[in-house]
1. For region 110-183, which fully contained helices (runs of 4 or more DSSP H) count at least 3 residues that are surrounded by fewer than 20 Cβ atoms within 10 Å (Cβ to Cβ) and not hydrophobic (A, V, I, L, M, F, W, C)?
2. Where residues in region 210-239 are touching a helix residue (DSSP H, G or I) at 6+ places or on another chain (Cβ under 6 Å) and modelled with pLDDT under 85, which of them is farthest from S90 (Cα to Cα)?
3. For A114, indicate whether it is within 20 Å of the chain's Cα centre (by Cα) and more than 30 Å from R12 (Cα to Cα).
4. In this structure, is A207 of a type outside the set (S, T, Y), modelled with pLDDT of 80 or more and not in a helix (DSSP H, G or I)?
5. Report whether or not V187 is part of a helix (DSSP H, G or I), at pLDDT 80 or above and in contact with a Lys or Arg (Cβ under 8 Å, 6 or more places away or on another chain).
6. Being open to solvent by 40 Å² or more (accessible area, probe 1.4 Å), more than 24 Å from A148 (Cα to Cα) and at pLDDT 95 or above is the requirement here; does V288 meet it?
7. Residue check, L372 against (1) within 22 Å of L240 (Cα to Cα); (2) not in a helix (DSSP H, G or I), all met but one. Which one?
8. Within region 312-319, does at least one residue satisfy the condition of being at pLDDT 90 or above, under 25 Å from A119 (Cα atoms) and surrounded by 24 or more Cβ atoms within 10 Å (Cβ to Cβ)?
Amino acid sequence: MSRAAAVDTRSRRRWGILALGLAAQTASCSFLFGIPFLVPAMRTAGLTLAQAGTIVAAPSIGLLFTLIAWGAAADRYGERVVMALGLGASSVLLLVTGLVMPSTGVLFGLFLLAGALTASVNAASGRAVMGWFGPDERGTAMGIRQTAQPLGVGIAALALPPLAEHAGFAAAVLFPGVFGLVVAALVAWLVIDPPRPVKKAGAPKPASPYRRPALWRLHGASTLLVVPQFAVSAFAPIYLVSEHGWSALSAGWFLAVVQVLGAAGRLVSGYWSDRVGSRLRPMRQLAVASAAVMLLVAVGDVSWSWVVLLALALAAVITVADNGLGFTASAELAGIDWAGRAMGAQNTAQNVAASLTPPLLGLVIGDSRYALAFCVAAIFPVLAIGLTPVRAETRSS
């Protein structure tokens, strides 16, 4: 095979592997973020609202405790086996759940374990992108992968409520199970782990990148930037309904449209980072924009309704645009031997912030103090501006 043909084959292969990684993450997200769509069906099946809320939280709790462990497994054993094994096992548990329809306690346990298993996809799919794409394309590739969350939510929104309405909760749970199992089989069949650097016999193990402050600062900055993102996603629906008189359906459509725009924003920020040769300079600039747009939302709340609608749309795009940048930078700063663990730690910190933001900001809002809550949310990206370790990225390049 000629050198040109070999390069062309490698190019096609890596984009195909990216597509499979995207599919695996989308299947995972259709379960993790799709379960809330089944709350009405849970209530119909006899669960209280408190019980349904506990079931909804179970997958995210499981995910939180295993992200770093799965990242370490991907570092050691490779991306293909970790993605296929974790997603496949999680999907089998969902199929068992749908076919058996266990008691509430067992259902919580099965969803908890399924969430812990599906966490395998997060770091492993990101690590595959890290290995197959060079620095000049990695931001764009990771931006494509980061669209998995809105894609998964969209697929779940379209599939799960109709299934639950016509066939019940158990039948609806089968959908993400079948989806994940098919994708896991394709991953096991078609994904090829990226080549790894040859290690000399007797060479010392790479030192932990966490001995330096750069990765700690990056995780901290990314965690701070999650707060305005979830301030918007958690409270925009109820804000539009209670403060502006929108119907729940209209608010849902508004947020669905801006979620699509948010996915496009992730792609644009990834492409931007490739063009400027930096993840953290654009991330810091997006932190400035995030703070500004949250203040604009607060101003709109106390002035004109068209201002707050424009600001909410901008906020829904800007506050998610940095996700792929921080994720990519964590792998690049850590190096290939620690990339999985670093991405797992990045996701863990962000998930903690995502879980804490709605209840804590809810206390700030009280009955109707939305402007104050949006101002509080703006403080966090301001803190992230100084914490983002731009100089460390320059030294590592």
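1. 148-167
2. Y239
3. Considered against the rule, which asks whether it is within 20 Å of the chain's Cα centre (by Cα) and more than 30 Å from R12 (Cα to Cα), A114 comes out as yes.
4. Considered against the rule, which asks whether it is of a type outside the set (S, T, Y), modelled with pLDDT of 80 or more and not in a helix (DSSP H, G or I), A207 comes out as yes.
5. Against the criterion (part of a helix (DSSP H, G or I), at pLDDT 80 or above and in contact with a Lys or Arg (Cβ under 8 Å, 6 or more places away or on another chain)), V187 qualifies.
6. Answer is yes for this residue.
7. It is condition (2) that L372 fails.
8. Looking through region 312-319, at least one residue is at pLDDT 90 or above, under 25 Å from A119 (Cα atoms) and surrounded by 24 or more Cβ atoms within 10 Å (Cβ to Cβ).
The values are calculated or read from the model by the stated rules, or taken from the named source; none is laboratory data. All values reported here derive from a predicted model rather than from experimental measurement. With ideal geometry, Cβ positions are generated from the backbone for all residues, glycine too; neighbour counts draw on all protein chains shown. Only protein heavy atoms, including side chains, enter the accessible area calculation; ligands, DNA and RNA are left aside. Shrake-Rupley method; radii C 1.70, N 1.55, O 1.52, S 1.80 Å.
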